[in-house]
Amino acid sequence: MKKPKILYIDFGTHEEAQEISMFLSATATLNAEVIVYGVEAHPIYAESVVKKFAAFDNVIILPVAVAAKSEKVELYISESSNGHGNSIFATKNNVDIEQKITVQGIDGGALISTLMLLHSPDIVVVKYNIEGAEYHLLNSIIDNELQSKIDIFCGAPSDMHKVAVLKSLESEFLYYVNQQGINRKDFFHSLIWEETEEMIKAMRKNVEKLLIERRQPRLDK
């Protein structure tokens with residue numbers, strides 16, 4: 001019997017990709033094939049993650065930014081926060097609009113669709129922490145009717161309130177995505193190890209439950 005496939009897509013790895021490490025730890029003891037894709041807009045950070053997981057043939061890093069569509073975009077650098085909070089939005093509260101680089105943007109929903117077609121996974125987990133670009137990602141997921149095909153949404157809370165052009169939209173938008181069946185679970189690197197450990201345990205239980213459910217025979221009604 002073939003092992004079930006778990007596809008984990010991490011939008012916004014930053015330079016250490018702590019959540020990828022967390023997910024690999026959460027699924028290490030499961031009898032499943034785990035395939036990981038990391039998306040990181042800053043090319044130097046992306047290269048750092050490539051080096052970190054060089055020994056893992058199941059981890060692939062894509063040096064691109066989530067945007068409204070697949071085209072070149074400006075990435076505004078957050079120098080005052082030591083690179084934490086780089087964003088494609090010039091109106092984000094901690095970026096320096098004079099410090100920017102041009103990067104390749106992608107349609108997040110289109111990427112998810114492509115990876116699902118490529119790997120035919122049994123379970124799909126999507127994590128995002130993309131400094132306001134979750135607005136583009138979630139809209140694309142809904143537009144492409146992918147929400148019912150993604151088993152777990154996770155990551156950090158929304159950063160839309162940090163972006164001037166998105167701030168007024170955040171409350172209504174998050175209500176909208178919730179109504180569309182997108183319910184995010186906490187899964188992010190915490191400076192408090194106990195919190196990180198609890199999130200790893202919770203993710204393991206969530207994925208394990210899904211694996212058990214998928215192995216059950218379907219009964220005719």
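The values are calculated or read from the model by the stated rules, or taken from the named source; none is laboratory data. In this text, all values refer to a predicted model and were calculated from it rather than measured experimentally. All Cβ positions, even for glycine, are placed from backbone atoms using ideal geometry, and neighbour counts span all protein chains on display. SASA here: full protein model, heavy atoms, side chains in, ligands and nucleic acids out. Shrake-Rupley method; radii C 1.70, N 1.55, O 1.52, S 1.80 Å.
For the reader, a short list of remarks on this structure follows.
- Other residues with beta-carbon under 13 Å from the beta-carbon of Lys185 carry, at +1 per Lys or Arg and -1 per Asp or Glu, a net charge of +2.
- Between Lys205 and Met116, the modelled label-to-label distance comes to 2.7 nm, taking each label 7 Å out from Cα in the direction of the beta carbon.
- Amide H to amide H distances under 5 Å link Ser70 with Asp107, where only residues 5 or more positions off or on other chains count and H is placed in the peptide plane.
- Taking θ as phi - 60° and the Karplus parameters 6.51, -1.76 and 1.60, the scalar couplings of the stretch 182-195 work out to 9, 10, 7, 9, 5, 7, 8, 5, 9, 5, 9, 4, 4, 5 Hz in sequence order, x denoting glycine and proline.
- Portion, in percent, of the accessible area of the chain that falls on carbon or sulfur, probe 1.4 Å: 51 percent
- Note on the chain: antiparallel DSSP beta bridges, both residues inside, total approximately 25 percent of the bridges counted.
- Beta bridges assigned by DSSP with both partners in the stretch 1-118 are antiparallel in approximately 35 percent of cases.
- Taking the chain and dividing mean pair separation by its residue count, relative contact order in percent (alpha carbons under 8 Å, at least six apart): 20 percent
- Comparing Lys52, Lys162, Lys209 in a Gaussian network model of the chain where C-alpha atoms under 10 Å apart are linked, the largest mean-square fluctuation is found at Lys209.
- Proximal aspartates and glutamates to Lys149, defined as alpha-carbon separation beneath 12 angstrom and excluding residues fewer than eight positions away on the same chain: Asp122
- Scalar couplings 3J(HN,Hα) for the stretch 48-57, obtained by applying the Karplus form with A = 6.51, B = -1.76, C = 1.60 to θ = phi - 60°, are 4, 6, 4, 5, 4, 10, 4, 7, 9, 7 Hz; x denotes Gly and Pro.
- Between helix 18-27 and the chain there is an angle of about 0 degrees, using the helix long axis and the longest principal axis of the Cα atoms.
- Helix-only arithmetic for the chain: the sum of -39500 (n - 2.57) across DSSP H runs with n ≥ 4, divided by the residue total, places the mean residue ellipticity at 222 nm at -10500 deg cm²/dmol.
- Cα centroid of the stretch 69-147 to Cα centroid of the stretch 1-61, whole Å: 17 Å
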